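The values are calculated or read from the model by the stated rules, or taken from the named source; none is laboratory data. Here the structure is a predicted model, which is why all the values come from computation and not from measurement. Note that each Cβ is placed from the backbone with ideal geometry, even for glycine, and that neighbours are counted across all protein chains shown. Ligands, DNA and RNA are stripped out before the accessible areas are found, and what is left, the full protein with its side chains, is counted by its heavy atoms. Shrake-Rupley method; radii C 1.70, N 1.55, O 1.52, S 1.80 Å.
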Amino acid sequence: MWLQREIRFEPRPRGFHLVTMEVLDALPEIGSLRVGLLHLLIQHTSASLTLNENASPDVRRDFESWFDHAVPERFDWEHNLEGPDDMPAHVKASLLGSSLSLPVSRGRLALGTWQGVYLCEHRDRGGARSLLATVWGQSRREP
Amino acid sequence: MWLQREIRFEPRPRGFHLVTMEVLDALPEIGSLRVGLLHLLIQHTSASLTLNENASPDVRRDFESWFDHAVPERFDWEHNLEGPDDMPAHVKASLLGSSLSLPVSRGRLALGTWQGVYLCEHRDRGGARSLLATVWGQSRREP
Amino acid sequence: MWLQREIRFEPRPRGFHLVTMEVLDALPEIGSLRVGLLHLLIQHTSASLTLNENASPDVRRDFESWFDHAVPERFDWEHNLEGPDDMPAHVKASLLGSSLSLPVSRGRLALGTWQGVYLCEHRDRGGARSLLATVWGQSRREP
């Protein structure tokens, strides 16, 4: 089985957002896989995807604090035409990565108990974001 | 061919550990693939996986030094309920990533000569760690 | 369909290089896929791959500035046998990652408008670099 579908996210404030449920709701066909993979690509260069703790909102706020500290707006950036938050956003996006590959097992995403998908918005006004989801694997009905 | 298997790692000290051989020993079926992929997910949010130099142990100690310097325990963390090593561990895990996708070629993992799989333990007492391995590809017996 | 091919890159200066076109030129078979994935592994531990902005060369220079600042040559490195640029190169390689998984849709790489593939050369004289490309998916001729 192969499936490919775009998932649109409404604009979010700068920060780290837990989106596991929205991703799964958009891909009910995962339920029919015995074993497979889900690949997610965020089709932008100033937002990113990562897997991390799905429980405490303060963890996600700490992500924002650390990344702002490590990749500051005040730096000797050459590329500053698109605002002070743009170039840090590009660097953060590459540090975290723009895609995730996640295993599927018996119809479910096989993450650890505490793992969730973060949509990381690195711009002040990033606008709507588009994810391309690709799913492939062996159907439960195959021998 | 599709294969999915959990690989358990006994508790390791905080630091970067070369585990290529343990991963391969747990997946002898890779030998039957002509071409394919191995996907590894560490099902935790305070440990991670990366590919790096498989020879000098001092490289792995330098990884630990740099990551401790870049993501220090002494920082204005809001989430500190689980100890001073917890929040830095989450950030390090996302910087390095929780999964690896590795090509298989003629029955072998097609890494570069100097590449090996690191299990990165970011907590002082992280406990046992679980990897979910997924293998798929074209068998050597297929036409 | 499964395809695996090595792509060789001539030596490049230290820095971030846009190589999307060279990768695609080496893989014309992508055009025959309805849906699939392209996986790229750089088979080295002091160079890396990432996806980022494909337009302004100053973005790529800013990447070099920030990574040099964040992972400096002057640090208490234990592993310094191979020169001052070696250990920072290993750390940068793991921060950015040595592989990319990219979706293919209707015969084309399904990246965002502004996304391109960077070959990140972290050594002063890294020499030629080898990428292993693996492509798999559903052919356009399959029902």
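Taking the residues in the stretch A:19-41 that are in contact with a Phe, Trp or Tyr (Cβ under 9 Å, 6 or more places away or on another chain), open to solvent by less than 60 Å² (accessible area, probe 1.4 Å) and part of a strand (DSSP E or B) as candidates, determine which candidate is nearest to C:Thr50 (Cα to Cα).
Top of the filtered list is A:His39.
If a residue must be surrounded by fewer than 23 Cβ atoms within 10 Å (Cβ to Cβ), small (Gly, Ala, Ser) and more than 15 Å from the chain's Cα centre (by Cα), how many such residues does the stretch A:128-143 contain?
1
Are there any pairs, at least 6 apart or on different chains, whose C-beta atoms fall under 7 Å, with the first in the stretch A:129-143 and in a loop (DSSP other than H, G, I, E, B) and the second open to solvent by less than 10 Å² (accessible area, probe 1.4 Å), and if so, which?
Taking only residues 6 or more apart or on different chains, the pairs are A:Arg140/A:Leu33.
Can you pull out every residue in the stretch B:77-110 that is more than 14 Å from chain C (Cβ to nearest Cβ) and open to solvent by 30 Å² or more (accessible area, probe 1.4 Å)? Outline the logic, then answer.
As a first pass, look at the stretch B:77-110 and keep what is more than 14 Å from chain C (Cβ to nearest Cβ): B:77-90.
Within the stretch B:77-110, B:Glu78, B:Asn80, B:Leu81, B:Glu82, B:Pro84 meet the criteria.
I'd like to know if the stretch C:22-40 contains one or more residues that are out of contact with any helix residue (DSSP H, G or I) (no Cβ under 8 Å at 6 or more places or on another chain), under 27 Å from A:Leu131 (Cα atoms) and of a type in the set (Val, Ile, Thr).
yes
If you go through the stretch C:69-76 one residue at a time, do you hit one that is in a helix (DSSP H, G or I), surrounded by fewer than 23 Cβ atoms within 10 Å (Cβ to Cβ) and within 13 Å of chain B (Cβ to nearest Cβ)?
Checked the stretch C:69-76: at least one residue is in a helix (DSSP H, G or I), surrounded by fewer than 23 Cβ atoms within 10 Å (Cβ to Cβ) and within 13 Å of chain B (Cβ to nearest Cβ).
Is it the case that the stretch C:62-76 has a residue that's in contact (Cβ under 8 Å) with a residue 40 or more places away in the chain and of a type in the set (Val, Ile, Thr)?
The answer is no, given that none of the residues of the stretch C:62-76 is in contact (Cβ under 8 Å) with a residue 40 or more places away in the chain and of a type in the set (Val, Ile, Thr).
Contact list please: Cβ distance under 9 Å, first residue in the stretch A:111-124 and closer than 27 Å to A:Pro72 by Cα and open to solvent by 10 Å² or more (accessible area, probe 1.4 Å), second residue at pLDDT 95 or above and assigned to a strand (DSSP E or B), pairs at least six apart or on different chains.
Every condition considered, the pairs that remain are A:Arg123/A:Ala47.
Filter the stretch B:77-120 down to the residues that are in contact with a helix residue (DSSP H, G or I) (Cβ under 8 Å, 6 or more places away or on another chain), in a strand (DSSP E or B) and within 18 Å of B:Thr134 (Cβ to Cβ) and list them by number.
Residues satisfying the conditions are B:Val104, B:Arg108, B:Leu109, B:Val117.
Looking only at the stretch C:43-57, filter to residues that are part of a strand (DSSP E or B) and at the interface with another protein chain (Cβ under 8 Å from one of its Cβ atoms); which one of those is surrounded by the fewest Cβ atoms within 10 Å (Cβ to Cβ)?
C:Thr50
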